[in-house]
Amino acid sequence: MNTFDLSYILNIEDNKELIDLNEIHLKPLYHFKSSKMKNYAVFSKKIKSILDHLKKMKASSSIPLLIVGDTGVGKEMIAEFMHYEVDQSDGPYVAINCSNINKELFESELFGYVKGAFTGAHPKGWEGYIKQSQNGTLFLDEISEINADIQSKLLRVLETGEYFKIGGQTKQTVQSRLIFATNKKMEKMVEQGEFREDLYYRLNIVKADIPPLVKRKEEIIPLVIFFIQELNQKFNKSVQYIEPLVLKLLYSYNWPGNIRELKNFITQLMIFADGESIKYEHLQKKDELDRYYTQMQKLPDQQSNQEDIIQTLLEKPFDLESFTMKIVKKALEKFEGNKSKTAKFLGLKREQLYNRYKLKNDS
């Protein structure tokens, strides 16, 4: 196999042959120019589209970027892409996780302080992360974790490009690209008064919404092979073959931790790998992977057989009334509260829906 072919790998009969990784030539959809990005590869059309879109920000380094997405989807890769590939900045890249800094100290860490500004301050003062990133990039991850007071001061920074160190009288100016990221639903936080609306809209001038790995499944197997090849060099291993079943299981799994979880899993696998092959028995979470693979095998039929569903439900005791009510509620959500459509979909009369499930007849 000269080029990577997902359908070819997924159609190989389980365990009848090993796949030679040396015969697979991965073709990333995006080629990074900077050597700083060599540990990244893009095999998803969705991610390539996002990167192509962000390249248009090259001439506007004063415009902030908001990156949203679940934990582990690759938000920092996007931030590094902006710094090394789009801006091609000679300045420093400074990445801070807002949730890891003591909230009482966050203001002084971000804006800096002059000597003697407060009890316990360093005698020489502190320049702050904004100053450290001068002519470069400041990446603030988990921006949703900052408190209201810092939100107010950060808004001023974004509006004026200016700030003061704690205890200082000299106006400081921001000369770096500011990038923010979060795994929270910011709109909900604004609605609930947990995040300033004006700050959110100032952050949200340009947004990159990174989909989870489960919505980029075409990327899973290429990334597995990419990580194995990368870790062969890092750990001085010689893994050259892999069982098709292993790749199918990895492809079928949900990966709630996204790319981070996938890479950590392959790293663990490679640390303990002996010899040239990775086989099914080497997997540490095979039961969970196997379950997902079984589920995925049923997907082409769009619906599992009713007998299979019943057998699954009867594996352990459950509350039938509660379970049925959940189905009714999900059906209502599906039809946006339309009770007539819900009743028809569930094979019930409207009166049954109202009386049995105690729904209000508001027709």
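The values are calculated or read from the model by the stated rules, or taken from the named source; none is laboratory data. Just so it is clear, the structure is predicted and the values come from calculations on it, not from any experiment. No Cβ is skipped: glycine too gets one built from the backbone with ideal geometry, and neighbour counts run over all protein chains shown.
Quick notes
- Index of the failed condition, Ser49 passing every other in (1) at pLDDT 95 or above; (2) more than 25 Å from Ser252 (Cα to Cα); (3) surrounded by fewer than 17 Cβ atoms within 10 Å (Cβ to Cβ): (2)
This table checks each residue for (1) modelled with pLDDT under 95; (2) under 30 Å from Val214 (Cα atoms).
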residue	(1), (2)
Asp70	no, yes
Ser108	yes, no
Lys115	yes, no
Glu127	yes, no
Glu145	yes, yes
Asp149	yes, no
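- Being β-branched (Val, Ile, Thr) and in contact (Cβ under 8 Å) with a residue 60 or more places away in the chain is a description that applies to Ile179.
- Taken as a whole, region 234-244 holds at least one residue that is assigned by TED's automatic domain parsing to the domain that holds Glu17 and closer than 28 Å to Leu51 by Cα.
- Selection from region 31-57 of residues that are among the hydroxyl-bearing types (Ser, Thr, Tyr), free of Cβ contacts under 8 Å to residues at least 24 places away in the same chain and not assigned by TED's automatic domain parsing to the domain that holds Lys75: Ser35
- Subset tally (residues that are in a loop (DSSP other than H, G, I, E, B) and either within 14 Å of Ile143 (Cα to Cα) or without any contact (Cβ under 8 Å) to a residue 60 or more places away in the chain (or both)) for region 69-104: 10
- Qualifying residue in region 126-140 (condition: touching a His at 6+ places or on another chain (Cβ under 6 Å) and either under 21 Å from Ile47 (Cβ atoms) or not in a loop (DSSP other than H, G, I, E, B) (or both)): yes
- Selected residue (criterion: surrounded by the most Cβ atoms within 10 Å (Cβ to Cβ)) from residues of region 111-132 that are at positive phi and touching a helix residue (DSSP H, G or I) at 6+ places or on another chain (Cβ under 8 Å): Gly112
- Number of positions in region 336-355 that are surrounded by 14 or more Cβ atoms within 10 Å (Cβ to Cβ) and at pLDDT below 80: 3
- Residues of region 79-104 that turn out to be farther than 30 Å from Ala41 by Cβ and surrounded by 13 or more Cβ atoms within 10 Å (Cβ to Cβ), as a count: 2
- Selection of region 8-62 for residues being over 21 Å from the mean Cα position of the chain (by Cα), closer than 27 Å to Gln233 by Cα and assigned to a helix (DSSP H, G or I) yields Tyr8, Ile9, Leu10, Leu21, Asn22, Glu23, Ser35.
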